[in-house]
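Asks: My questions will all concern the structure given below.
The values are calculated or read from the model by the stated rules, or taken from the named source; none is laboratory data. Everything numeric in this text was worked out from a predicted model, so none of it was measured. Don't worry about glycine lacking a Cβ; one is built from the backbone with ideal geometry, like all the others, and counts go over all protein chains shown. Heads up: the accessible areas ignore ligands, DNA and RNA and are worked out on the full protein's heavy atoms, side chains in. Shrake-Rupley method; radii C 1.70, N 1.55, O 1.52, S 1.80 Å.
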2 protein chains.
Amino acid sequence: MEQPSYKYSSEPTRNPFRWILAAWRVSRDLTNTNEAAIVEIGFSRSRFGRRFAGWRQVADELSRSPETASALTLRYRLGPIDLQSLELLPEGTLGRVFAEHCSRRAIDPNLVSIPASNEIDFVMAHLFETHDIWHVATGWGNDEIGEVGLGGFYLAQLGLPLIAIMLVLILLNTITRRPATLRERMDALVAGYQMGKSARPLFGLRWDEFWAKSLVELRSELHLDATTALGEGIRAAA
Amino acid sequence: MEQPSYKYSSEPTRNPFRWILAAWRVSRDLTNTNEAAIVEIGFSRSRFGRRFAGWRQVADELSRSPETASALTLRYRLGPIDLQSLELLPEGTLGRVFAEHCSRRAIDPNLVSIPASNEIDFVMAHLFETHDIWHVATGWGNDEIGEVGLGGFYLAQLGLPLIAIMLVLILLNTITRRPATLRERMDALVAGYQMGKSARPLFGLRWDEFWAKSLVELRSELHLDATTALGEGIRAAA
């Protein structure tokens, strides 16, 4: 078996023109995960972006909450995910559902790994490396509605200004290209926000310890009511 | 007694520089109602603004719904509101609470009247002339949180892209100036959206027939749970 590794070991690009091209592509297609990663990571790590993305504010808040503070001290890194092993787990486990979901949607969960030598970089790195797992755990799919709903979930759980910036892009995309979808996207945003409010904090969880766990049980323990996810959704069992 | 009249009989300005100045002032202070009216009306009536504000889409939707279709045919105009008469109504009536609220917050409900010779202009004119009444009916105050919450209410009831544009301005104001308020504003947006979803449609109501009605009863008939309004709020009785 091939050892899993990251596609980008640090960040996808420092070229501002590549970044603008990626932002343009995302505004046309919200489900373009690869380009979205380039936009978000490029923005988050730029001097300009750091000012508005709000990582410091979120890190401060997480360090004050007893449920998430220890994650900031331990700074556990997930490492590249071995989809081939996860596929061998029993049906209905987090790992198996995750592997099947990635294969069905051609998602590469090992797109990028950001170095994390301090608290703020760790928050950023941890959120990027667990993003695809949050999709599966919450039940919000990788369709447009799913991305918007998960955005609402992140806003509720982390109050991260970066997500508000993404929301601005989504709203501009809606207004200029698909005004008829405004209500459906707002429904998703609001449902995701409510799910994020009632769920336990997902930040800092050791997902690798949950791979073999039943996704139904995991969702119940984390107070994640995946039945409220709109759009395609991700079911706990095939 | 002085007869009530509108401050602006058609629209506040056609001067684009005055419009940009107003937009700038609103982005610094979301509760600047006077400037906000200049921004919204100027934008809504410009050729560029009409393209994105989505009035046609909303008019089409309202004309398809049995609860709102007749309002588009009748095109009833409220006319300037006589606050001095409303102040004489019994305590707890819509009119009395409205007049007291306007006086307390120095709100001029007769700021502007837009001519309406077709369906689309009527939607715009009706929404602008009833905006202050929606505040009182829903219980969302005129503080920042109240404006955001009422914005969510409008989005849920009308799916109006213009409100999504206002939401973009609010989010940009939040990200650049007051990132710490992101959660509280999102809470208001989501609570307002939910209130708008569960309430009966407020579009097209003949508010002048309700002035002497108890606000508590009116809210109950319209399925408006004003206790969910965040921020200052507007109570049914003093």
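Asks: For the range A:130-205, with all protein chains present and a 1.4 Å probe, just round the carbon and sulfur fraction of the accessible area to a whole percent.
Replies: Details: 1010 of 1800 Å².
That share works out to 56 percent.
Asks: Apply the Karplus curve 6.51 cos²θ - 1.76 cosθ + 1.60, θ = phi - 60°, to the phi angles in the range A:129-145 and return the couplings in whole Hz, x for Gly and Pro.
Replies: Once rounded to whole Hz, the list reads 6, 10, 3, 5, 6, 4, 3, 5, 5, 7, x, 7, x, 9, 6, 4, 4.
Asks: If you don't mind, another one. Taking Cα pairs under 8 Å and at least six residues apart, what relative contact order does chain A come out at, in percent? Intermediate results must be reported in sequence, preceding the final value.
Replies: Working: 347 pairs, mean separation 61.8, N = 238.
Rounded, it is 26 percent for chain A.
Asks: Take residue A:225 and residue A:60, extend 7 Å from each Cα along the Cα→Cβ direction, and tell me the distance between the two endpoints in nm.
Replies: It works out to 3.4 nm between the two label points.
Asks: Taking amide H atoms as placed 1.01 Å from N in the peptide plane, list the residues 5 or more away in sequence, or in a different chain, whose amide H sits under 5 Å from that of residue A:93.
Replies: Hits under the 5 Å cutoff: A:215.
Asks: Here is a follow-up. Considering only the other residues whose Cβ falls under 11 Å of the Cβ of residue B:205, what net charge follows from Lys and Arg at +1 and Asp and Glu at -1? Display every interim value, and only then the final one.
Replies: Working: positive: B:200, B:206; negative: B:67, B:208, B:209, B:221.
Once positives and negatives cancel, what remains is -2.
Asks: Which of A:224, A:162, A:88 moves most in a GNM of chain A, Cα contacts under 10 Å?
Replies: Ranking A:224, A:162, A:88 by mean-square fluctuation puts A:88 first.
Asks: If you average the C-alpha positions of the range B:207-238 and of the range B:99-149 separately, how far apart do those two centres end up, in angstrom?
Replies: If you average the Cα positions of each part, the centres end up 15 Å apart.
Asks: Treating the point 7 Å from Cα along Cα-beta-carbon as the label, what are the nm separations from residue B:80 to the other copies, to one decimal?
Replies: 7.5
Asks: HN-Hα J couplings of the range B:122-128 from phi, Karplus 6.51/-1.76/1.60, θ = phi - 60°, integer Hz, Gly and Pro as x?
Replies: The phi angles translate into 5, 4, 4, 4, 5, 5, 5 Hz.
Asks: Summing +1 for each Lys or Arg and -1 for each Asp or Glu, what net charge is found among the other residues whose Cβ lies under 14 Å from the Cβ of residue A:224?
Replies: On the way: positive: A:197, A:200, A:213, A:219, A:235; negative: A:217, A:221, A:225.
Cβ neighbours under 14 Å give a net charge of +2.
Asks: Computed over the Cα atoms of the protein assembly as shown, what is the convex hull's projected area averaged over all directions, in nm²?
Replies: Details: hull surface 96.6 nm².
Hull-based average projected area comes out at 24.2 nm².
Asks: Which ³J(HN,Hα) values in Hz, rounded to whole numbers, follow from the phi angles of the range B:99-106 under the Karplus curve 6.51 cos²θ - 1.76 cosθ + 1.60, where θ = phi - 60° and Gly and Pro get x?
Replies: 4, 5, 5, 4, 5, 4, 9, 6
Asks: Further, regarding this structure: Report, for residue A:200, each distance to the same residue's label point in the other copies, shortest first and in nm; define the point 7 Å along Cα→Cβ.
Replies: Those label-point separations list as 4.5 nm.
Asks: Give me the net charge for the shell around residue B:189: Cβ to Cβ below 15 angstrom, other residues only, Lys and Arg +1, Asp and Glu -1.
Replies: Overall, the nearby charge balance is +1.
Asks: Okay, moving on. With charges only on Cβ, +1 for K and R and -1 for D and E, what is the dipole size of chain B about its Cα centre, in debye, rounded to 20? The partial results should precede the final answer.
Replies: On the way: 26 positive and 28 negative charges, 175 e Å.
With only Lys, Arg, Asp and Glu charged at Cβ, the dipole is about 840 debye.
Asks: Further, regarding this structure: Between residue A:112 and residues 5 or more places away or on another chain, which pairs have amide H atoms under 5 Å apart, with H built 1.01 Å from N, and which residues are they?
Replies: Amide H neighbours of residue A:112, under 5 Å, 5+ apart: A:7, A:8.
Asks: May I ask for log10 I(q)/I(0) of chain B at q = 0.12 Å⁻¹, from a Debye sum over the Cα atoms as equal point scatterers with solvent left out?
Replies: -0.65
Asks: Excluding residues fewer than 8 places away in the same chain, name every one of the aspartates and glutamates whose C-alpha is closer than 14 Å to that of residue A:197.
Replies: The reachable aspartates and glutamates, counting only those whose Cα sits under 14 Å from residue A:197, are A:225, B:184, B:187.
Asks: While we're on this one: Residue A:7: which lysines have alpha carbons under 30 Å from its alpha carbon, excluding same-chain residues fewer than 8 sequence positions away?
Replies: Cross-link targets: A:213.
Asks: I would also like to ask the following. Sorted from shortest, what are the nm distances separating the label point of residue B:220 from equivalent points in the other copies, each placed 7 Å from Cα along Cα to C-beta?
Replies: For residue B:220, the inter-copy label distances come out at 4.1 nm.
Asks: Once you charge only the Cβ atoms, +1 for Lys and Arg and -1 for Asp and Glu, what is the size of the charge dipole of the protein assembly as shown about its Cα centre, to the nearest 20 debye?
Replies: Values: 52 positive and 56 negative charges, 267 e Å.
Magnitude of the dipole: close to 1280 debye.
Asks: Still on this structure: Can you give the calculated 222 nm mean residue ellipticity of the protein assembly as shown, where each DSSP H run of n ≥ 4 adds -39,500 (n - 2.57) and the sum is split over every residue, rounded to the nearest 500 deg cm²/dmol? Please report the intermediate quantities before stating the final value.
Replies: Numbers: 24 runs with 284 residues, N = 476.
After summing the helix terms and dividing by the residues of the protein assembly as shown, the value is -18500 deg cm²/dmol.
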